[in-house]
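Asks: Here's a structure for you.
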Amino acid sequence: MNKKRIALIESKPSRNKFFELFNNKFEFDSFVLCSNSQIKKVLKRDVDIVFNPDDYDWVILVGSEPLKYYTKLNSITEYSGRVVEDKFLPVINPAMLAFKPEAKKSWEDSKNNIIAYIGGELKQEKLGDEDIFGITETDKLHSFLQDAIDHENGFIALDSETTGLYPRDAYMLGISLSYKKNHGAYIDTDCIDEKAEAMLQELFNKKRVVFHNSKFDIAFFRYHFGFKFPNFDDTMLMHYTLNENPGTHGLKQLALKFTPFGDYEKPMYDWIEAYRKRNGLLKADFTWDMIPFDIMQEYAAYDAVCTYLIYEEFLPYVTKNKRLGNVYYNILLPATEFLLDVESNGVPFDRDRLVKSSVLMQEEIDEAVSKLYEYTEVKLFEKAQGKDFNPNSTMQLRSLLFDYIGLKPTGKKTGTGADSTDAEVLGKLAEEHPVPQHILDIRQKVKIKSTYLDKIIPALDRDERLRTGFNLHGTTSGRLSSSGKMNMQQIPRDNPIVKGCIKAKPGKKIVAMDLTTAEVYCAAVIAGDTALQKVFQDGGNFHSNIAKLVFNLDCDVDDVAKYYSTERQMAKAVTFGIMYGAGPKKISEQVSKDSGAYFSTSQAKEVIEDYFKQFHKLKKWLDDCKKLIEKQTYVYSFFGRKRRLPNVRSTDKAIAAHEVRSGINSLVQSVASDVNLLGAIDAHKEICERGYKKNMKIFALVHDSILAEVDDDYVQEYSDILLRNVQKDRGLSIPGCPIGCDFDVDEDYSLGKFKKKYESE
């Protein structure tokens, strides 16, 4: 047997001893993309390597830059330890292990895979035509489905290929199904007749149906076929349960890591790229219905096959850990069913108000820009440059701020090394001159118009509702994220114009429920701090109560805000700050900003000390959490969510400290979020059971809020249902004092602010 020829390529010269790092298992020739070790980031122009991949059997690519240079792929973490284009073996740079211990497992797994690939113990597999195939004929489909129904296996893997992301805007091209290991078919929807539909429903009733991103697929199957899924699982949510870090839950990434089929998508995406080039199509103009069935069938069938294998891999880990099992089976799966209805309900918009608001916002932009041109410095700039000042030009803005106004750069740089003019920088510079704040205001107004008002109108369905997405897997804390046609979690707060366009239909109201001081409430219970619990039990304004207690104020609680506003602000800042691991410096900055008066670090330190004298059990709990995180590098929330924190072992103290803060924050944030989510799920269930689904429609969860459109005659009953379910005792309640809920009812989500600002005479 001939000796394998192996090459290893780094971005630039390093001190890594790769021969030892790979356990002295093989020899290789070493290369670098760029011979200049002083370059921070190697760009294409810096590459001076002389290397021909065809001279080698295997090429190890260390880090993202060699990966991108030779394969045009970007994600080194996604492909680390996996074969790319038959001979390339990407791997993360081991240099990061010193300051990011979280990468250790990835490095070890990748290293072992590379050794196994080179040694021949690990190979990419490819299934034959008898196991990966397409079905375009109805009689063959009937036979296939009968085999699936009769098969002894208790679950199937199911996937769909569609022309778009939303059932109302797209149709289904085909269905991928695997009912046994390493065996999958892609079914053309054109060959599905009534008998096949009945057989599919029989199959779904009999078997547990496994999806990867069930909320997406079920929405299409329900809308286009009316299928029901009495029992289903979701490998994406399983993986999220086992690894909460975002960006790692895609089927492609998991197939690379947990199946022997590698990057099975590549042939189809190569075809797509060639097709686009051949026809001069931009990426945005390409649609999946352009892909011929014979090209699609292999890729689509592998989707189901890989989902099947991943399910077998994950199921034991989810079921054997009771805490993780509780999260998956009692939170994530019920939440999937709930969010399917939430997304289907859609966000109610008023089209006429949207059109009007777009015009109003453009008027505000024009007025703001006109005022900008009145500044002397802007006039001097235009005179000197011989052209109009363009606030959208970062180059011009940089010149205006630093050359003509004479402000000093903050030190923050862009990726190119230039002085930054981002929102954070402008916010700091605004303390010295009004122009930066003016620029921020213009940017905000332009963003509101372009990102929201103008994009919402064409995205509305015929019923003037917007169907967007809510994600269960998008955050490490477990809080919902939103994506799609509109990010509901990022609706502008300071300007009511977008919220004002979320308007109930005639005869209905928008009902918004907000949890109040929920995270502090949860912390008081978890920490067992009866003194902090008593603050809740005493009622009244929470922060005023805290201030009166901490500072021993000689007035009634109701008068604290009037006579001791600074002390109240300090108490508020400390209360929220400690939940996020803020120290004296951070709290001093926050109080100074909120109160408008300087509040020193030493003052903040004293206040924190006084605070913990009153709530010493909270302090002990925070200290114990820190020790636990440092000891075991993970924590479990009250409901069982696991937060993995390996970087607490980092040699970089800042990274380690941030990891501790993240861990403590997750313990309160995730619990408060789950209380809200579980309350909404149970309320929705009760609404459906009582036949109120048409009268009460929850259409969004935004941070700690639950939003619904409710018939006028049902507002009180809905509020009672929601309050009862959100305040349900889930083992996390203060005796005699359920978690606080505030209700607001109005015709639109701005709660009257839109009318006051834009429609008042």
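The values are calculated or read from the model by the stated rules, or taken from the named source; none is laboratory data. Since this is a predicted model, take the numbers as computed values, not measurements. Here the Cβ positions follow ideal geometry from the backbone for every residue, glycine too, while neighbour counts run over all protein chains shown.
Asks: Does at least one position in segment 660-673 carry a residue that is hydroxyl-bearing (Ser, Thr, Tyr) and over 23 Å from TYR636 (Cα atoms)?
Replies: no
Asks: Taking strands (runs of 3 or more DSSP E) that do not extend beyond segment 1-82, which have at least 3 residues that are at negative phi, not aliphatic (A, V, I, L, M) and not assigned by TED's automatic domain parsing to the domain that holds TYR269?
Replies: Once the strands (runs of 3 or more DSSP E) in segment 1-82 are filtered for at least 3 residues that are at negative phi, not aliphatic (A, V, I, L, M) and not assigned by TED's automatic domain parsing to the domain that holds TYR269, what remains is 29-32.
Asks: Quick check, is ASP674 within 24 Å of the chain's Cα centre (by Cα) and modelled with pLDDT of 95 or more?
Replies: Taking the combined requirement at face value, the residue satisfies it.
Asks: Test THR319 against the stated conditions and say whether it is polar (S, T, N, Q) and out of contact with any strand residue (DSSP E or B) (no Cβ under 8 Å at 6 or more places or on another chain).
Replies: Yes.
Asks: Now, a different point. How many residues does segment 688-709 hold that are within 18 Å of VAL675 (Cα to Cα) and in a helix (DSSP H, G or I)?
Replies: 0
Asks: Spot the failing condition for VAL50; the list is (1) free of Cβ contacts under 8 Å to residues at least 24 places away in the same chain; (2) of a type in the set (A, V, I, L, M); (3) within 30 Å of ALA654 (Cβ to Cβ), and only one is missed.
Replies: So the condition that VAL50 fails would be (3).
Asks: Note down all Cβ pairs under 7 Å where the first residue falls in segment 709-724 and is surrounded by fewer than 16 Cβ atoms within 10 Å (Cβ to Cβ), the second is of a type outside the set (Phe, Trp, Tyr), and they're at least six residues apart or on different chains.
Replies: ASP712/GLY507; ASP712/LYS508; ASP712/LYS509
Asks: Does segment 712-735 contain at least one residue that is in a strand (DSSP E or B) and over 29 Å from the mean Cα position of the chain (by Cα)?
Replies: yes
Asks: Among the listed residues PHE599, PHE576, identify the single one that is among the aromatic types (Phe, Trp, Tyr), outside any helix (DSSP H, G or I) and not assigned by TED's automatic domain parsing to the domain that holds ASN665.
Replies: After ruling out the rest, the residue left standing is PHE599.
Asks: Follow-up question, since we're still on this one. Of the residues in segment 589-603, how many are at pLDDT below 85 and either in contact with a Ser or Thr (Cβ under 6 Å, 6 or more places away or on another chain) or basic (Lys, Arg) (or both)?
Replies: Matching residues across segment 589-603 total 4.
Asks: Right, here's the next one. Are there any pairs with C-beta distances below 6 angstrom linking a residue in segment 570-588 that is within 15 Å of ILE664 (Cβ to Cβ) to a residue that is assigned to a helix (DSSP H, G or I) and among the acidic types (Asp, Glu), with the two at least 6 apart or on different chains, and if so which?
Replies: Short answer, once both residue conditions are applied: MET579/GLU519.
Asks: Right, next: Could you tell me which numbered condition ILE9 fails, if it satisfies all but one of (1) touching a residue at least 24 places away in the same chain (Cβ under 8 Å); (2) farther than 17 Å from ALA95 by Cβ; (3) surrounded by 16 or more Cβ atoms within 10 Å (Cβ to Cβ)?
Replies: It is condition (2) that ILE9 fails.
Asks: Can you name the residue in segment 516-568 that is under 33 Å from the mean Cα position of the chain (by Cα), not in a helix (DSSP H, G or I) and not small (Gly, Ala, Ser) and, of all such residues, is farthest from LYS613 (Cα to Cα)?
Replies: THR516
Asks: Next question. Quick one: which helices (runs of 4 or more DSSP H) lie wholly within segment 274-390 and hold at least 2 residues that are touching a residue at least 40 places away in the same chain (Cβ under 8 Å) and touching a Phe, Trp or Tyr at 6+ places or on another chain (Cβ under 6 Å)?
Replies: 293-320, 333-345, 376-385
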